[in-house]
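Participant: Here it is, the structure, as structure tokens.
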Amino acid sequence: MQKVLITGAAGFLGSHLCDRFIKEGFHVIGMDNLITGTLKNIEHLFKLKHFEFYHHDVTKFVHVPGALDYILHFASPASPIDYLKIPIQTLKVGSLGTHNLLGLAKEKNARILIASTSEVYGDPLVHPQSEDYYGNVNAIGPRGVYDEAKRFQESITMAYHTYHGLETRIARIFNTYGPRMRLNDGRVVPAFIGQALRGEDLTIFGNGLQTRSFCYVDDLVEGIYRLLFSDYVYPINIGNPDEIRIKDFAEEIVKLTETNQKVIYKPLPVDDPLQRQPDIGKAKEILDWQPKTRRSEGMKLTLDYFRGFSEEELQKSEHRDFLKK
Ligand code: NAD
Ligand code: UDP
């Protein structure tokens, strides 16, 4: 039986990856320090013989006994509000954490896939973003702690490939959404849904003309799975090119939730990218992958998940924004 280590296992994407690898017949070791994740996301796996969980901070030396075939490094705060609150931990997990996991992969002769991000393109001057665009990142701005950690992560991963011959894969993940996002993680999907369900106005940052392209989690997981088992070592965009302005997205959520909430405008956070859309030509060609889930469908599934929260949980998770940190 093949063994895979998944870091960030108690988070949004990590928990879905654990499910997928269990389903595919792997022995899964989940690792997480629970800084932005929750055991609730994986509690259904604890009863399984082929799932283990290590409560561990990957910025400290990582030890896993026995053989290991694959590592998926997904540990890192991912919401701008989270990484603004814990900037040093964000820098450390992308740099020291990645170094530890590359070292472990080398020791075990395992293949490693790292979760990079569209944030390596910063506030992009090229649209849509293809992998050969070097990006426009402000290293010392509030997002710099995340963006530069991820850029370093890509760089050290390529160096381990080049100098040690390690089997590496790099996924540049664009905005992904779905069940198990934290209701108050501050990212726009749970933020808008939470506001609508609590009967609050939806807060649009800036004029709402900035765009994002949202990918449903099941599609993302499929893309990651295909990338891991491909032989492509360079960064590859995984995301859904269906682009939408944030103000139009807010209207979609109001309609979807049938809440009639108003939208209100708040200042745009510093360095908030104006536009973001993946060019997925490479993923299509190399992985024969493209997203299948339309936003209307994925958002319905996501809303169903958030409707499962009790009124008390909903009210407790007040909206977080950059102004009231
Ligand atoms: P998340 O916050 O839900 O999950 C991250 C998990 O990592 C959490 O469970 C957290 O506790 C854990 N973690 C953080 N630091 C750790 C450490 N030092 N040691 C061990 N565990 C640690 O976020 P997510 O959306 O699931 O993102 C997962 C990964 O995917 C991240 O690397 C993120 O940068 C990347 N990514 C996500 C998106 C997206 O839209 N969701 C987009 C681009 C990239
Ligand atoms: N956003 C917003 N209102 C919110 C939360 C986010 O208008 O309550 C905007 C945010 O400014 C950004 C977009 O939605 O332009 C996506 O934000 P998110 O935090 O989800 O991720 P990002 O793509 O910026 O990393």
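The values are calculated or read from the model by the stated rules, or taken from the named source; none is laboratory data. From a predicted model like this one, the values you see are computed outputs, not experimental measurements. Ideal geometry is used to build each Cβ from the backbone, glycine not excepted, and the neighbour counts take in all protein chains shown. For accessibility, only protein heavy atoms count, side chains too; no ligands or nucleic acids. Shrake-Rupley method; radii C 1.70, N 1.55, O 1.52, S 1.80 Å.
Participant: Filter the range 138-177 down to the residues that are in a helix (DSSP H, G or I), open to solvent by less than 50 Å² (accessible area, probe 1.4 Å) and either more than 23 Å from ARG226 (Cα to Cα) or within 16 Å of ligand 2 (Cβ to nearest atom) (or both) and list them by number. Break it down into steps so the answer makes sense when it comes.
Facilitator: Going residue by residue through the range 138-177, those that are in a helix (DSSP H, G or I) are 144-164.
Then keep just the ones that are open to solvent by less than 50 Å² (accessible area, probe 1.4 Å); that gives 144-147, 149-150, 153-154, 156-160.
If the condition is that a residue be in a helix (DSSP H, G or I), open to solvent by less than 50 Å² (accessible area, probe 1.4 Å) and either more than 23 Å from ARG226 (Cα to Cα) or within 16 Å of ligand 2 (Cβ to nearest atom) (or both), then GLY144, VAL145, TYR146, ASP147, ALA149, LYS150 are the ones that fit.
Participant: Quick check on ASP242: is it open to solvent by 50 Å² or more (accessible area, probe 1.4 Å) and touching a Pro at 6+ places or on another chain (Cβ under 6 Å)? First the steps, then the outcome.
Facilitator: Details: open to solvent by 50 Å² or more (accessible area, probe 1.4 Å): yes; touching a Pro at 6+ places or on another chain (Cβ under 6 Å): no.
No: the conditions fail for ASP242.
Participant: Moving to a separate point now. Looking only at the range 75-110, which residues are within 16 Å of ligand 2 (Cβ to nearest atom), open to solvent by 10 Å² or more (accessible area, probe 1.4 Å) and either among the aromatic types (Phe, Trp, Tyr) or not in a helix (DSSP H, G or I) (or both)?
Facilitator: If the condition is that a residue be within 16 Å of ligand 2 (Cβ to nearest atom), open to solvent by 10 Å² or more (accessible area, probe 1.4 Å) and either among the aromatic types (Phe, Trp, Tyr) or not in a helix (DSSP H, G or I) (or both), then SER76, ALA78, ILE86 are the ones that fit.
Participant: Consider the range 1-50. How many of its residues are in a loop (DSSP other than H, G, I, E, B), away from ligand 2 (no atom under 16 Å from the Cβ) and of a type outside the set (S, T, N, Q)?
Facilitator: Summing the residues that are in a loop (DSSP other than H, G, I, E, B), away from ligand 2 (no atom under 16 Å from the Cβ) and of a type outside the set (S, T, N, Q) in the range 1-50 gives 16.
Participant: Counting just the residues of the range 204-222 that are in a strand (DSSP E or B) and more than 12 Å from ligand 1 (Cβ to nearest atom), which one comes out least open to solvent (accessible area, probe 1.4 Å)?
Facilitator: Taking the range 204-222 and keeping what is in a strand (DSSP E or B), we get 204-205, 211-213, 215-216.
Filter once more, keeping what is more than 12 Å from ligand 1 (Cβ to nearest atom): 204-205, 211.
On the way: ILE204: 1, PHE205: 35, THR211: 18 Å².
Ranking the qualifying residues of the range 204-222, first place goes to ILE204.
Participant: Given the options GLU251, GLU297, name the one that is exposed (fewer than 13 other Cβ atoms within 10 Å of the Cβ) and in a helix (DSSP H, G or I).
Facilitator: After applying the criteria, what remains is GLU297.
Participant: Next question. Pairs only if they're at least six apart or on different chains, beta carbon under 6 angstrom, first in the range 199-228 and more than 21 Å from VAL126 (Cβ to Cβ), second open to solvent by 20 Å² or more (accessible area, probe 1.4 Å) and assigned to a helix (DSSP H, G or I); list them, first residue then second.
Facilitator: Within 6 Å, the pairs are ILE204/LYS247; GLY208/LYS247; VAL217/HIS16; VAL221/HIS16; VAL221/ARG20.
Participant: So PRO269 fits all but one of (1) within 14 Å of ligand 2 (Cβ to nearest atom); (2) under 25 Å from ARG307 (Cβ atoms); what number is the exception?
Facilitator: (2)
Participant: What number of residues within the range 249-289 are out of contact with any strand residue (DSSP E or B) (no Cβ under 8 Å at 6 or more places or on another chain) and touching a residue at least 12 places away in the same chain (Cβ under 8 Å)?
Facilitator: Residues meeting the conditions: 6.
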